[in-house]
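A short write-up of the structure that comes next.
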Amino acid sequence: MIRFDNVTMVYDKKARPALDSVSIEIERGEFAFLVGPSGSGKSTFLRLVLREDRATAGAVFVAGQNVAKLSSWRVPRLRRGIGVVFQDFRLLPQKTVFANVAFAMQVIGKNRSVIRETVPEVLKTVGLEGMGHRMPHELSGGEQQRVAIARAVVNRPGILLADEPTGNLDPTTSQGIMQVLDKINQNGTTVVMATHDDDIVNSMRKRVIELGAGRVLRDEAKALYTSMM
Ligand code: ADP
Ligand code: ADP
C-alpha cells in the first residue's frame with residue numbers, strides 16, 4: 001500500500017538529510033507505528049506519502065502509484081484516499097460534530113441523503129453515537145479526537161495516517177483512541193501512526209518502524225517501543 005524505495009529527502013543541503021536511503025514497505029491492511037525522537041524524519045515520511053513534498057531521490061509508491069509522477073491535478077485524488085489525524089484535532093470550532101464530519105463529504109460532492117445516512121454510522125464507529133449536535137468545545141479531548149478520526153475515515157480511505165494522535169491525551173483516553181484506530185484497521189484500512197508514546201506502542205504489539213536521524217534503525221513485527229526489553 002505504501003512503499004519507499006531508497007528514499008532520500010534533503011531540505012537543507014548543509015544539514016543531514018531528513019530521510020536517508022529509506023526503504024519500507026507497508027502492506028494493505030497493516031497497522032504500523034513510526035517511532036523515533038523529534039527530528040528523526042517521521043513527519044517527513046508522512047508528508048511524502050501525501051505528496052506534500054517530493055523526495056530528493058528514490059521513489060514513493062502509494063497504492064501502486066509513484067506519487068512524484070502524479071500530475072498536480074491528480075494529487076487531490078491521491079489525498080482523498082488518505083485520511084489524516086493530528087495531535088491537535090483541527091476541528092472546525094463553529095460547526096457541530098455532525099457538520100465537522102459532514103464537511104469532509106460535502107467537499108467531495110456527496111449528496112445530502114448519503115451524508116445524513118453515513119455520518120451517524122461513522123460517529124457510532126468512533127464511539128460518539130448521538131453526539132452529532134454537540135459543539136467541539138463541549139467535548140473532552142478524547143471525544144474531539146474521535147470526531148477528527150470520524151472525519152478522516154468517513155470517505156473510506158485506504159490509508160489512515162495519524163501524527164501523534166494521543167500526544168495531547170492522558171493515558172486512559174489514549175487507550176480509548178487506540179481501540180478506535182484498531183477497529184478502523186480491522187475494518188481494512190491501513191494505519192500508520194507516528195508516535196513518541198512508549199506505553200501505547202507497548203500495549204498494542206504492532207509493527208514498529210524506528211527512525212533515527214533519517215534512517216531506519218529497526219523494523220519489527222509485534223514489537224515494543226524499544227528493542228532492549
Ligand atoms: P520528526 O517528525 O521525526 O520530528 P521531521 O520529519 O519533522 O522529524 O524532521 C526531520 C529533519 O528534517 C529534521 O532535522 C528537521 O529539522 C528537518 N526538516 C523537516 N522539515 C523541514 C523543512 N520544511 N525545511 C527544512 N528542514 C526540515
Ligand atoms: P453547513 O453548516 O456546512 O451548511 P450543515 O450543518 O447544514 O452544514 O450540515 C450538512 C448536512 O448535515 C445537512 O444535510 C444537514 O441537514 C445535516 N445535519 C447537520 N447537523 C445535523 C444533525 N445534528 N443531525 C442530523 N443532520 C444534520
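A quick yes/no check of all residues on (1) buried (at least 22 other Cβ atoms within 10 Å of the Cβ); (2) within 19 Å of Ile2 (Cα to Cα):
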site	(1), (2)
Met135	no, no
Leu139	no, no
Arg146	yes, no
Arg151	yes, no
Val154	yes, no
Pro157	no, yes
Gly167	no, no
Gln179	no, no
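Selection over segment 1-34 of residues that are within 16 Å of ligand 1 (Cβ to nearest atom), out of contact with any helix residue (DSSP H, G or I) (no Cβ under 7 Å at 6 or more places or on another chain) and not in a strand (DSSP E or B) gives a count of 8.
Filter segment 74-108 down to the residues that are within 13 Å of ligand 2 (Cβ to nearest atom) and exposed (fewer than 14 other Cβ atoms within 10 Å of the Cβ), then identify the one that is nearest to Ala148 (Cα to Cα). Applying the filter and picking the extreme gives Leu92. Of Met178, Met131, all but one fail to be in the same structural domain as Ser40 (by the TED database), more than 24 Å from Arg77 (Cα to Cα) and away from ligand 1 (no atom under 16 Å from the Cβ); the exception is Met178.
So if I check each of Phe98, Phe103, which one is farther than 17 Å from Gly83 by Cβ, out of contact with any Ser or Thr (no Cβ under 7 Å at 6 or more places or on another chain) and not in a loop (DSSP other than H, G, I, E, B)? Outline the logic, then answer.
Values: Phe103 fails: farther than 17 Å from Gly83 by Cβ.
Selected residue: Phe98, the only one of Phe98, Phe103 that is farther than 17 Å from Gly83 by Cβ, out of contact with any Ser or Thr (no Cβ under 7 Å at 6 or more places or on another chain) and not in a loop (DSSP other than H, G, I, E, B).
Any idea which residue in segment 1-44 is surrounded by the most Cβ atoms within 10 Å (Cβ to Cβ), counting only those that are among the charged types (D, E, K, R) and farther than 22 Å from Arg156 by Cα?
Keep residues of segment 1-44 that are among the charged types (D, E, K, R), which gives 3, 5, 12-14, 16, 20, 25, 27-28, 30, 42.
Checking which are farther than 22 Å from Arg156 by Cα leaves us with 5, 12-14, 16, 20, 42.
On the way: Asp5: 16, Asp12: 8, Lys13: 7, Lys14: 5, Arg16: 12, Asp20: 18, Lys42: 26.
Selected residue: Lys42.
Each residue in segment 115-133 was checked for being within 17 Å of Phe86 (Cβ to Cβ) and either surrounded by fewer than 20 Cβ atoms within 10 Å (Cβ to Cβ) or touching a His at 6+ places or on another chain (Cβ under 9 Å) (or both), and 0 of them qualify.
In the set (1) more than 16 Å from ligand 1 (Cβ to nearest atom); (2) buried (at least 20 other Cβ atoms within 10 Å of the Cβ); (3) polar (S, T, N, Q), Ser71 fails one condition alone, (2).
Against the list (1) more than 26 Å from Ser43 (Cα to Cα); (2) assigned to a helix (DSSP H, G or I), the condition Gly130 fails is (2). Taking segment 70-95 as the range and being under 19 Å from the mean Cα position of the chain (by Cα) and outside any loop (DSSP other than H, G, I, E, B) as the test, the residues that pass are Val75, Pro76, Arg77, Leu78, Arg79, Arg80, Ile82, Gly83, Val84, Val85, Phe86.
Within segment 15-69, if we keep just the residues that are closer than 27 Å to Ile184 by Cβ and among the hydroxyl-bearing types (Ser, Thr, Tyr), the residue that is farthest from the chain's Cα centre (by Cα) turns out to be Ser23. Annotation note: Cβ proximity below 7 Å between a residue of segment 96-120 that is at negative phi and a residue that is basic (Lys, Arg) and within 7 Å of ligand 2 (Cβ to nearest atom) (sequence gap 6+ or interchain) occurs for Phe103/Lys95. Restricted to segment 45-66, and to residues that are within 10 Å of ligand 1 (Cβ to nearest atom) and free of Cβ contacts under 8 Å to residues at least 60 places away in the same chain, which residue is surrounded by the fewest Cβ atoms within 10 Å (Cβ to Cβ)? Here the residue is Glu52.
Taking segment 155-229 as the region of interest, the strands (runs of 3 or more DSSP E) fully inside it that hold 1 or more residues being acidic (Asp, Glu) and within 30 Å of Arg116 (Cα to Cα) are 159-163.
Are any of the residues in segment 52-65 assigned to a helix (DSSP H, G or I) and in contact with a helix residue (DSSP H, G or I) (Cβ under 8 Å, 6 or more places away or on another chain)?
In the first step, residues of segment 52-65 are kept if they are assigned to a helix (DSSP H, G or I); the result is none.
The answer is no; no qualifying residue exists.
The values are calculated or read from the model by the stated rules, or taken from the named source; none is laboratory data. The structure displayed is predicted, hence computed values, not measured ones. So basically every Cβ, Gly included, is an ideal-geometry build from the backbone, and we count neighbours across all protein chains shown.
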